[in-house]
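Bear in mind that the values in this text are calculations on the coordinates, not laboratory data. Everything numeric in this text was worked out from a predicted model, so none of it was measured. We place every Cβ from the backbone using ideal geometry, glycine too, and count neighbours over all the protein chains shown.
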Ligand SMILES: Nc1ncnc2c1ncn2[C@@H]1O[C@H](COP(=O)(O)OP(=O)(O)OP(=O)(O)O)[C@@H](O)[C@H]1O
Ligand SMILES: [Mg+2]
């Protein structure tokens with residue numbers, strides 16, 4: 001571990017930037033809302049390996065940018081250049097308008113939470129002390145820090161009374177990762193870098209953690225760059241997804257819906273897979289306003305709620321002989337047919 005200090009990020013005490021200014025997603029937001037900007041950033045390691053090649057990437061305030069791509073395509077290197085654990089060979093990298101190569105590295109890292117690929121907890125410190133790292137660095141009062149530890153442990157689903165006084169080796173891999181997430185969140189950093197944060201968590205816990213993390217991120221307005229191997233996770237959490245290929249080449253940077261509906265290159269199409277429409281259906285809602293009202297003859301159709309995804313509707317549809325389903329729309333029941341599914345998929349929001 002080259003720099004454990006940097007694994008626990010943090011913000012200026014109590015800062016919650018963007019919380020009030022950014023409801024929902026800022027995809028394509030105004031230029032002055034850019035929090036992270038990479039321009040032509042290249043990393044060539046001393047042995048000649050080009051991990052990242054002339055990468056351009058912009059992340060707006062409050063957005064979640066997800067990096068995906070095959071193993072070794074430069075995802076971790078990209079994250080580590082943002083908080084200067086790795087120095088770029090060429091290009092320009094700004095965080096909140098400041099060139100990171102000119103910022104004070106300690107100050108930079110206190111504003112940037114970092115969840116590393118393998119949790120990276122201090123082995124000789126308890127869970128509570130690990131989580132408190134940045135709060136202590138920022139000089140928070142003890143009572144405030146203790147209250148915050150309880151709060152963030154609860155957020156990641158670990159009972160502080162049960163787990164707070166354990167050491168990392170007394171936790172499962174998934175629990176260690178959750179402590180890593182709690183530690184990075186503890187001081188409300190305006191920027192959060194996460195390297196496969198939920199990778200070691202079982203699917204049920206991961207589902208819950210993703211949902212809670214997403215709600216929290218939206219509430220705080222944190223700007224996030226996250227790496228994952230799980231395309232479903234990328235589609236679920238990402239405001240934009242960057243698909244990288246070997247050598248750190250950016251193939252496409254776009255909303256999940258567009259990546260899935262209109263892969264820019266054969267590599268992206270191959271990466272998102274032949275079942276990409278199923279993935280897309282899982283994140284596409286049903287616009288009841290565009291559907292015909294249900295008549296008395298439709299009473300026997302399978303039914304889904306207004307908040308159902310297209311995927312849930314299609315699964316329900318399989319129970320009807322003519323592939324139609326009733327949707328309980330806000331202004332009464334409507335009917336969704338297979339042609340509507342095609343239409344809704346072709347107009348990703
Ligand atoms: N210190 C280093 N020296 C030389 N090459 C390195 C170094 N660190 C990483 N690399 C190489 O740079 C490339 C990108 O590595 P990186 O860790 O960024 O990949 P990754 O996309 O995060 O992969 P994974 O999905 O397996 O975590 C790889 O080919 C890797 O072998
Ligand atoms: Mg990696």
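Would you please give the FRET efficiency between residue 98 and residue 274, computed as 1/(1 + (r/R0)^6) with r the Cβ-Cβ distance and R0 = 30 Å, to the nearest 0.05? Intermediate values should be presented prior to the final figure.
Working: r = 44 Å, r/R0 = 1.45.
Efficiency at R0 = 30 Å is approximately 0.10.
Kindly rank 280-286, 84-90 from highest to lowest mean number of other beta carbons found within 10 Å of each residue.
Ranking, from highest mean packing down: 280-286, 84-90.
Could you order the peptides 325-333, 186-194, 129-137 from most to least packed, using the average number of other C-beta atoms within 10 Å per residue?
Put in order of decreasing packing, that is 186-194, 129-137, 325-333.
So how long is each side of region 71-153 along the principal axes, counting just the alpha-carbon atoms, biggest first, in Å?
Principal axes ranked by extent give 44, 31, 20 Å for the Cα atoms.
Measure off 7 Å from each Cα along the Cα-to-Cβ vector at residue 107 and residue 219, then give the distance between these two points in nanometres to one decimal.
It is 3.1 nm.
Connecting C-alpha atoms closer than 10 Å in a GNM of the chain, tell me which of 314, 225, 95 has the biggest fluctuation.
Largest GNM mean-square fluctuation: 314.
What's the extension gain from residue 87 to residue 347 if we count 0.36 nm per residue and subtract their Cα-Cα distance? Display every interim value, and only then the final one.
Details: separation 260, 0.36 × 260 = 93.60 nm, distance 4.10 nm.
Roughly 89.5 nm would be gained on extension.
At 7 Å along Cα-to-Cβ for each site, give me the label-to-label distance between residue 306 and residue 265 in nm.
4.3 nm
How large is the helix-only mean residue ellipticity at 222 nm for the chain, computed as the sum of -39500 (n - 2.57) over DSSP H runs with n ≥ 4, divided by its residue count, in deg cm²/dmol to the nearest 500?
That calculation yields -9500 deg cm²/dmol at 222 nm.
Using 0.36 nm per residue of separation minus the Cα-Cα distance, give me the extension gain between residue 124 and residue 290 in nm, one decimal.
53.9 nm
For residue 56 and residue 321, what is the calculated FRET efficiency with R₀ set at 45 Å and r taken between the beta-carbons, to the nearest 0.05?
Details: r = 51 Å, r/R0 = 1.14.
Computed FRET efficiency for residue 56 and residue 321 comes out at 0.30.
Please report how far the C-alpha centroid of region 68-122 lies from that of region 297-349, rounded to the nearest whole angstrom.
44 Å
At a 10 angstrom cut-off on C-beta neighbours, averaged per residue, how do the peptides 287-297, 250-260, 143-153 rank from highest to lowest?
Result, highest mean first: 250-260, 143-153, 287-297.
Ranked by Cβ crowding within 10 angstrom, fewest neighbours first, how are 58, 224 ordered?
Values: 58 19, 224 27.
Result, fewest neighbours first: 58, 224.
If you restrict to DSSP beta bridges whose two residues both lie in the chain, what percentage is antiparallel, to the nearest 5?
Among the beta bridges of the chain, antiparallel pairing accounts for roughly 55 percent.
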